[in-house]
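This report concerns only the one structure given below.
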């Protein structure tokens with residue numbers, strides 16, 4: 001016999017999940033006390049929201065399941081933005097929240113999560129793929145299995161269970177069994193055969209084709225399939241911002257990322273009538289992916305999008321086929337990899353495009369105010385950090401420069417919550433990655449983000465997780481500041497950030513902090529981190545109005 005807690009944790013352990021994230025609370029005392037010896041370590045965070053972001057980062061980086069736990073009521077309500085982010089960014093997440101015992105479910109108990117309290121049932125049904133209340137120990141095994149299955153079935157997303165206090169302590173005869181959930185990734189529907197046939201015909205034709213790869217495919221398996229197909233049929237490849245690296249950005253067929261903060265080669269190709277067809281995989285036509293629904297993206301070419309059911313579609317923005325991009329890519333790979341194809345016409349076409357692609361003016365290294373430009377920080381990071389380093393990029397002005405200047409070498413090496421863009425996400429998500437992976441982890445963030453979730457860096461110290469945090473400190477909410485400054489000086493002040501002694505802040509919980517005054521200082525501090533990996537914060541004063549050539553970058557800048 002197993003208690004409810006033991007069953008949950010053993011089932012999670014069978015998935016290969018070794019760390020879960022959350023905050024203690026009265027509703028989940030048994031969950032905390034029975035966790036020892038289960039093979040799963042409970043990571044205690046500073047706040048439920050950043051615990052959710054940490055579970056998100058763990059789920060993305062491990063290609064497994066992120067797990068978030070906490071009490072109901074105020075605890076679960078603090079998780080809402082993280083759960084919504086996992087839904088919209090398609091991250092597999094299991095969310096476990098507690099509640100008062102079943103015998104108190106019809107009265108307004110203290111911090112209760114039922115309809116007499118915070119009504120968690122109603123809240124999570126609107127933001128999760130799946131949300132259920134466990135009514136008793138006899139329901140637990142089935143509902144845990146269902147929640148895991150739904151979270152790990154594409155499109156990935158959060159599944160939520162409300163578990164009353166008594167269910168954690170009661171015993172069940174059920175025994176958790178390992179299940180191969182990898183097979184769930186490759187479901188097909190009644191459209192799949194036709195989708196495959198249509199794309200095969202396009203690849204085998206003489207049409208000038210571009211691949212456009214989206215966020216969910218930022219994994220090693222799909223990336224290898226894309227590389228093989230692109231090389232076989234000589235197809236240039238672009239990605240979304242958050243899928244940077246799915247196609248190596250040093251590859252001769254790489255166009256870089258298209259859309260917000262994209263490469264100018266991708267922009268030139270996508271907004272011209274040069275390609276006959278752009279085939280997208282998991283590319284929802286949201287504002288940033290589509291460069292603000294740029295009219296030229298939809299003119300003079302066919303735009304064919306293989307998107308998960310439920311994705312936004314509009315016939316004005318290309319043809320969207322509701323199918324499974326994982327299955328379609330794998331099936332294209334297995335059915336075509338041994339085919340013979342004459343790719344010379346596409347080679348000549350793309351070579352002509354490259355010859356006509358222009359460069360861009362060199363960026364200044366130091367701003368007029370003697371502050372290091374954020375673009376330069378990213379370039380120096382790329383030069384100094386090992387090739388296998390993993391970059392997490394936060395929300396804000398600095399995001400543009402990561403998109404333009406970081407040349408992602410492989411899948412699962414670059415992460416950003418670019419759909420929801422919650423400030424401070426990368427600080428916690430990067431720590432989550434440090435629990436899942438052994439490669440060096442970098443977080444590129446800003447002072448606005450640090451104000452929101454910088455305290456969570458304590459968790460990296462507590463659990464001895466090395467992390468390099470590059471803080472682009474412009475003392476403002478940069479993009480908002482620039483917009484408000486066009487109105488009045490008083491308006492711009494609303495987007496200013498009062499000076500914070502980040503060195504004192506970081507040192508107060510044991511971080512190593514360097515105030516960066518020059519390029520040489522920045523480089524030396526990176527080298528110190530690599531020589532002695534531990535939580536290290538590089539506080540860099542950057543200009544509030546950094547140099548912008550464009551929100552795109554020419555490929556020639558990386559030559």
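Assorted remarks:
- Pairing residues of segment 309-326 that are at positive phi with residues that are at pLDDT 90 or above, at Cβ distances under 6 Å and at least 6 apart in sequence or on separate chains, gives 318/303; 318/305.
- Residues in segment 192-204 include none that are in contact with a strand residue (DSSP E or B) (Cβ under 8 Å, 6 or more places away or on another chain), under 16 Å from residue 8 (Cα atoms) and surrounded by fewer than 19 Cβ atoms within 10 Å (Cβ to Cβ).
- Cβ separations smaller than 6 Å between residues 6+ apart or across chains give the following pairs from segment 267-279 residues that are assigned by TED's automatic domain parsing to the domain that holds residue 346 to residues that are surrounded by fewer than 18 Cβ atoms within 10 Å (Cβ to Cβ) and assigned to a loop (DSSP other than H, G, I, E, B): 273/300; 276/207; 277/207.
- Filter pass, residue 251 being closer than 23 Å to residue 60 by Cβ and out of contact with any strand residue (DSSP E or B) (no Cβ under 7 Å at 6 or more places or on another chain): yes
- Some residue of segment 241-257 being crowded, with 23+ Cβ neighbours inside 10 Å, farther than 20 Å from residue 154 by Cα and free of Cβ contacts under 8 Å to residues at least 40 places away in the same chain: yes
- Evaluation of residue 98 against the conditions (1) in contact (Cβ under 8 Å) with a residue 12 or more places away in the chain; (2) not in a strand (DSSP E or B) shows that the sole unmet condition is (2).
- Residues that are buried (at least 22 other Cβ atoms within 10 Å of the Cβ) and at pLDDT below 95 number at least 2 in the following helices (runs of 4 or more DSSP H) confined to segment 349-464: 374-384, 398-405, 447-453.
- Only one of the numbered conditions (1) part of a loop (DSSP other than H, G, I, E, B); (2) more than 20 Å from the chain's Cα centre (by Cα); (3) surrounded by 18 or more Cβ atoms within 10 Å (Cβ to Cβ) is not met by residue 260, and that is (2).
- Long-range neighbours under 6 Å by Cβ, at least six apart or interchain, first residue on the phi < 0 side of the Ramachandran plot within segment 102-123, second exposed (fewer than 14 other Cβ atoms within 10 Å of the Cβ): 116/108
- Subset of segment 465-506 [closer than 30 Å to residue 528 by Cβ and in a helix (DSSP H, G or I)]: 478, 502, 503, 504, 505, 506
The values are calculated or read from the model by the stated rules, or taken from the named source; none is laboratory data. Source: prediction; values computed, not measured. A quick note on method: Cβ atoms are made from the backbone with ideal geometry, for glycine too, and the neighbour counts reach across all protein chains shown.
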